[in-house]
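Undergrad: To start, I am sharing the structure in question, which I have written as structure tokens.
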Amino acid sequence: MPRAIHAMPFSDHDQAAMRLAIDASLQARARGDSPFGATLVSPAGEVLLVAQNNQNTTQDCTGHAEMVLVREAAAALGPQALKGATVYASGEPCAMCSGAMFWAGIARVVFAATQQDIAQALGGPVLPTGCEELLSAARPTVAVQHGLLRAEAAAALRGAVASAG
Ligand SMILES: [Zn+2]
């Protein structure tokens, strides 16, 4: 029996975790922040924390969802909780967030909307080095996957055009 050539590498658990991140992105938008969310899942598959962008509400330019996630998880659960964990990001993490996840010891990053989707929906500045490019070259390397619920996340971004900033 032939195997599907482009079989999706994602499980139901992956989808559920990404849905939480996309929901958080919509909550961020409703609050007046940029529409991004992220979910932290332990190596055992347990959802540990969901965070959302808070740049506008905290007046902190580093308040990207993945940064908030790393900070809140370390504070609430201790830095060990991040080691070997997976982050699901509704939008492709920027270089700042990719670096933060690397230093936190995250083992795997899954993102939905790409930098291109983000640029098309929101415009604005782009930090050029992509998450996959950066983290695949890191030592130790961080696994990066994308394509999971991309259309859903991109639609959530497009709904945010009016409040982008
Ligand atoms: Zn970022």
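Every number in this text was worked out from the coordinates using simple rules, so none of it is lab data. Worth saying up front: this structure is predicted, and the values here are computed from it rather than measured. Virtual Cβ from ideal backbone geometry, glycine too; neighbours counted across all protein chains shown.
Undergrad: For each of Ser11, Ser25, count neighbouring Cβ atoms within 10 Å of the residue's Cβ, then give the residues from fewest to most.
TA: Ser11, Ser25
Undergrad: Show the residues, 5+ positions off or on another chain, whose built amide H is closer than 5 Å to the amide H of Val110.
TA: Residues meeting the criterion, in which the H sits 1.01 Å from N, are Val87, Tyr88, Ala89, Gln145.
Undergrad: Right, next: What order do you get for 27-37, 75-85, 113-123 when each peptide is scored by the mean count of other beta carbon atoms within 10 Å, highest first?
TA: 27-37, 113-123, 75-85
Undergrad: So between Ala44 and Ala16, what do we pick up on full extension, going 0.36 nm a residue minus the alpha carbon distance?
TA: That pair, Ala44 and Ala16, stretches by 8.6 nm at full extension.
Undergrad: So how much slack lies between Gln120 and Ala75, counting 0.36 nm per residue of separation and subtracting their Cα-Cα distance, in nm?
TA: Gain on extension, Gln120 to Ala75, equals 12.8 nm.
Undergrad: Provide the per-residue ³J(HN,Hα) series for the range 112-120, in order, calculated from phi with Karplus coefficients 6.51, -1.76, 1.60 and θ = phi - 60°, each as a whole number of Hz, with x at glycine and proline positions.
TA: 9, 5, 8, 4, 5, 4, 5, 5, 5
Undergrad: What is the order of Met96, Met101, Met18, fewest Cβ neighbours within 10 Å to most?
TA: Exposure proxy ranking, most exposed first: Met96, Met18, Met101.
Undergrad: ³J(HN,Hα) across the range 78-94 via Karplus (A = 6.51, B = -1.76, C = 1.60, θ = phi - 60°), whole Hz, x for Gly/Pro?
TA: The phi angles translate into x, x, 5, 5, 8, 5, x, 7, 10, 10, 9, 10, 5, x, 3, x, 6 Hz.
Undergrad: Once the mean 1/r over all distinct Cα pairs of the range 84-165 is inverted, what Kirkwood radius in angstroms do you read off?
TA: 12.9
Undergrad: Another question about this same structure. Taking amide H atoms as placed 1.01 Å from N in the peptide plane, list the residues 5 or more away in sequence, or in a different chain, whose amide H sits under 5 Å from that of Ser34.
TA: It is Gln55, Asn56, by chain and number.
Undergrad: With all pairs of different alpha carbon atoms counted, what Kirkwood hydrodynamic radius in Å does the range 12-68 show?
TA: One decimal place: 11.2 Å for the Kirkwood radius.
Undergrad: In which sequence would Arg19, Arg139 go, from the one with the fewest C-beta neighbours within 10 Å to the one with the most?
TA: Listing Arg19, Arg139 from fewest to most nearby Cβ atoms yields Arg139, Arg19.
Undergrad: Quick one: in the chain, what % of C-alpha pairs are over 29 Å apart?
TA: 12
Undergrad: Once you have the Cα-Cα distance between Ala95 and Arg31, take 0.36 nm times their residue separation minus that, and quote the gain in nm to one decimal.
TA: Difference between extended and current length: 20.6 nm.
Undergrad: If you take the Cα atoms of the range 40-121, find Rg, then find the Kirkwood Rh from the mean of 1/r over all pairs, what is Rg/Rh?
TA: For the range 40-121, the value is 0.96.
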